[in-house]
Amino acid sequence: MMNFSFPQRMKELRIKHQLTQKEAAKALGIGQTTIANYENGTRVPDLEKTAEIAELFGVSVDYLIGREGYSAAAEKKDSPAQETAEYAFEDYMKALVDGDKKTVRKIILSFLRQGIPSATIYKDYIERSLVVTGELWEKGELPIWKEHFISEISMENMSLIKRRKFKEAENSRPILAVVPGAEQHSIGIRMISDMLESHGYNVIFLGSGIPADNILQAIEANKPRAVLISVTMPYHTDSAKMLIQTIKQRFGTKSPTLMIGGNALQYLQNPAVETGADLYCADLEGVIRNLNRI
Ligand code: B12
């Protein structure tokens, strides 16, 4: 007779993954009492749920029900157990700095499997790691090619999260997202765009490097309700001003609402007035609040 240790293993794995019973229940689509019953041995999951639990914790079903010791499960090459080991921000950062795309992806996939919200992965890992990247670059500890590579890896993983997690956007009047002039920093506005999409908004993300007359064409063709403009470097604030002026001149009273945001604006006293935009938004919540008003 095999040693059936599912209740203990269930509890042990849940705690190892720092999930409360409530969080584990949510990730598995069942009630918290069911988890409590699994853990006190008064109830066992059916086959399908057993497989889901194993997947959530990145172990084999054999391990989960006590047919296999932990080391065997953990040492299997490329086993999901390795993927779902606890990852701290430092693990994520190290993989990025090493240019180890495979591990970065593994970490992101493990977060998704654990049901960590995409907004948390974006803010607490991707955005935070890019700030650290900037600091390392400034200290001369990271060459520019690596900063580029890290940006690319970050964007790749944002796409991965988007594919896995986001629902179809509504077919409503779109929102256009652009980066003006020679400003190349587009990850921030891309993040805002992705999060808006995750809330069901229809976003046309154009990114950087689009000449102003092409942005006018995009507005003409898509009739967006709002245009989000992002500036990261103070040096490029003038490009934003010029773009705003050009849009207002071309569309007059029919101009979409122009919302500006990005790190460059923190140095301005009144970013909307000083750039000519209709509104300044610091973050996603600001954009949503204003979209609800217009
Ligand atoms: C990645 C990066 C790059 C990438 C950009 C890739 C890409 N496709 O975006 C590359 C390698 C191309 C690059 C190039 C350069 N960069 Co650079 N870069 C960065 C870095 C490391 C991260 C920026 C980032 O993506 N952050 C993550 C995102 C998610 O955060 P975020 O941009 O702040 O956006 C959030 C909010 O600000 C807000 N937000 C942003 N836009 C908008 C818009 C709206 C409407 C709203 C509501 C909100 C909003 O929401 C976002 C989500 O929370 C920063 C370091 C830093 N501390 O920012 C330097 C940094 C911005 N870069 C810098 C510099 C100097 C350069 C270069 C001149 C030299 C270089 N390092 O290569 C060139 C210039 C290129 C150019 N002409 O623009 C400096 C700028 C200094 C300054 N204040 O002027 C920084 C601060 C690095 C530093 N510490 O000195 N860079």
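The values are calculated or read from the model by the stated rules, or taken from the named source; none is laboratory data. From a predicted model like this one, the values you see are computed outputs, not experimental measurements. Methodologically, a virtual Cβ is constructed for each residue, glycine included, from the backbone with ideal geometry; neighbour enumeration extends over all protein chains shown. Each accessible area value is taken on the protein alone, full model and side chains, heavy atoms only, with ligands, DNA and RNA left out. Shrake-Rupley method; radii C 1.70, N 1.55, O 1.52, S 1.80 Å.
Quick notes on this one:
- Taking the criterion of being part of a helix (DSSP H, G or I), closer than 21 Å to residue 112 by Cβ and open to solvent by less than 70 Å² (accessible area, probe 1.4 Å), the residues of segment 22-51 that qualify are 24, 25, 27, 28, 35, 49, 50, 51.
- In segment 254-288, the residues that are aliphatic (A, V, I, L, M) and closer than 13 Å to residue 232 by Cβ: 260, 264, 265
- Within segment 237-249, residues that are closer than 13 Å to residue 213 by Cβ sit with their Cβ atoms under 8 Å from residues that are of a type in the set (S, T, N, Q), at 6+ positions apart or across chains, in these pairs: 247/255.
- Within segment 52-62, if we keep just the residues that are part of a helix (DSSP H, G or I) and either buried (at least 17 other Cβ atoms within 10 Å of the Cβ) or among the charged types (D, E, K, R) (or both), the residue that is nearest to the chain's Cα centre (by Cα) turns out to be 56.
- Count - residues of segment 220-239 that are within 16 Å of the ligand (Cβ to nearest atom) and either exposed (fewer than 15 other Cβ atoms within 10 Å of the Cβ) or within 24 Å of residue 292 (Cα to Cα) (or both): 12
- Residue check, residue 144 of a type outside the set (S, T, N, Q), farther than 17 Å from residue 233 by Cβ and either more than 10 Å from the ligand (Cβ to nearest atom) or loosely packed, with under 13 Cβ neighbours inside 10 Å (or both): no
- Against the list (1) under 25 Å from residue 284 (Cα atoms); (2) surrounded by 13 or more Cβ atoms within 10 Å (Cβ to Cβ); (3) among the charged types (D, E, K, R), the condition residue 94 fails is (1).
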